[in-house]
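The values are calculated or read from the model by the stated rules, or taken from the named source; none is laboratory data. Please read all numbers here as calculations on a predicted model, not as lab measurements. Neighbour counts are summed over all protein chains in view; Cβ atoms, including those assigned to glycine, are modelled from backbone coordinates with ideal geometry. Remember, those area values only see protein heavy atoms, side chains included, never the ligands or the DNA or RNA. Shrake-Rupley method; radii C 1.70, N 1.55, O 1.52, S 1.80 Å.
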Amino acid sequence: MKALVRGAGVAGLTAAYELAMRGATVTVVDPRRDITGTASWYAGGMLAPDCERESAEQIVQDLGLNAADWWETALPSYVTRAGTLVVAAGRDATELARFASRSNGFQTLGEEEIGALEPDLGGRFRLALHFVREAHLDPRAALTALRDRLERKGVSFVEGAPRWMKRFDVTIDCTGMARAKADPQLRGVRGEMLILRTPDVSLSRPIRLLHPRFPVYVVPRNDHHFMVGATMIESDAIGPITARSMMELLNAAYTIHPAFAESEIVESGVGIRPAFPDNLPRVTRNGDVIHINGLYRHGFLLAPAMARQAADLVFSRQTTTERIHEACH
């Protein structure tokens, strides 16, 4: 079985991994020289199926429950299993109650318990929700390591647009927003993020700060770096982060800990995430071409499940995938 994977973001690399692990000869092609600047590059890397249930369909939680296991199997030692802590400022306490009513899999913590779990947050919040079984990873490190592992396993990576498509038995299209012209149902959802650095804050897990307009999360990375994100703007404009968004993200970080006011702004970035009208991912087949798209803001969480479904189609030789789309509704 010779398979061509188009796109080297998280959807493409996970699909390539599933195919290669099942014995396919895989080539990955992408017009970019590297993956910097893609939506995957600017992701938070949270593997948070229980938190996402608050605003997503049940199928998102179901499909994402095994994501941490998949990533840990593919990349041992890259996954941190410390859960997610959801907090709210005192004036937004009702947001915490609302979040709890629409999600599951959490423990409610009081002020002392919060301080025991995250010492730097001691005394800052009266209540929190700890989603114990969730995890996170550094998406940039994970993408780089996954590509390295695929290359060691014999997967070929090609830059540009190949003209030799007929050499392959099947093509897996994971091109995200690049496919929007061919699929008018796809839309872009703009996400903006910051990377801050401060040696004055230590966190062991992602912190989600609830807000009436939109939630913001802070995800710890190496060397006292923190990813702060992410807005969800109905736009496919790729321009730089807006002043409004930067102020919102910085204010949220400051609410979590005042030391963020003195942090270095190491980087700002914008990613355009592909989404369908229902915000659910789809795996569809048209002849010898299988499409994985519409991961929305759930890229690292749902890509493993989508990759498995696509690989199942490849090796089962099914001719239709309506059952997969129906499972997402």
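Quickly run through region 96-120 and pick out the residues that are outside any helix (DSSP H, G or I) and of a type outside the set (A, V, I, L, M).
Arg102, Ser103, Asn104, Gly105, Phe106, Gln107, Thr108, Gly110, Glu118
Any residue that is surrounded by fewer than 19 Cβ atoms within 10 Å (Cβ to Cβ), on the phi > 0 side of the Ramachandran plot and at pLDDT below 95 - is there at least one of those in region 177-193?
no
Name the one entry in Thr14, Thr73 that is of a type in the set (Val, Ile, Thr), assigned to a helix (DSSP H, G or I) and in contact (Cβ under 8 Å) with a residue 60 or more places away in the chain.
After ruling out the rest, the residue left standing is Thr14.
Looking at region 27-43 only, could you name the residues that are surrounded by fewer than 24 Cβ atoms within 10 Å (Cβ to Cβ) and not basic (Lys, Arg)?
Once the filter is applied, which keeps residues that are surrounded by fewer than 24 Cβ atoms within 10 Å (Cβ to Cβ) and not basic (Lys, Arg), region 27-43 yields Thr27, Val29, Asp30, Pro31, Asp34, Ile35, Thr36, Gly37, Thr38, Trp41.
Out of the residues in region 121-148 that are open to solvent by less than 50 Å² (accessible area, probe 1.4 Å) and part of a helix (DSSP H, G or I), state the one that is farthest from Leu19 (Cα to Cα).
My answer is Leu121.
Of all residues in region 293-306, count the ones that are outside any loop (DSSP other than H, G, I, E, B) and either within 16 Å of Pro49 (Cβ to Cβ) or of a type in the set (Phe, Trp, Tyr) (or both).
Going through region 293-306, the residues outside any loop (DSSP other than H, G, I, E, B) turn out to be 293, 299-306.
From the residues that got through so far, the ones that are either within 16 Å of Pro49 (Cβ to Cβ) or of a type in the set (Phe, Trp, Tyr) (or both) too are 299-306.
Number satisfying all stated conditions: 8.
Of (1) under 22 Å from the mean Cα position of the chain (by Cα); (2) at pLDDT below 95; (3) part of a helix (DSSP H, G or I), His329 satisfies all except one. Which?
(3)
Which of the following residues is acidic (Asp, Glu), at pLDDT 95 or above and either more than 20 Å from the chain's Cα centre (by Cα) or open to solvent by less than 70 Å² (accessible area, probe 1.4 Å) (or both): Glu151, Glu159?
Just a single option satisfies the conditions, and that option is Glu151.
Would you pick out the residues in region 266-312 that are of a type in the set (A, V, I, L, M) and farther than 24 Å from Thr80 by Cα?
Residues satisfying the conditions are Val270, Ile272, Ala275, Leu280, Val283, Val289, Ile290, Ile292, Ala310, Ala311.
Every residue in region 200-258 that is open to solvent by 60 Å² or more (accessible area, probe 1.4 Å), out of contact with any helix residue (DSSP H, G or I) (no Cβ under 9 Å at 6 or more places or on another chain) and not in a loop (DSSP other than H, G, I, E, B), please.
Ala243, Arg244, Met247, Asn251, listed by residue number.
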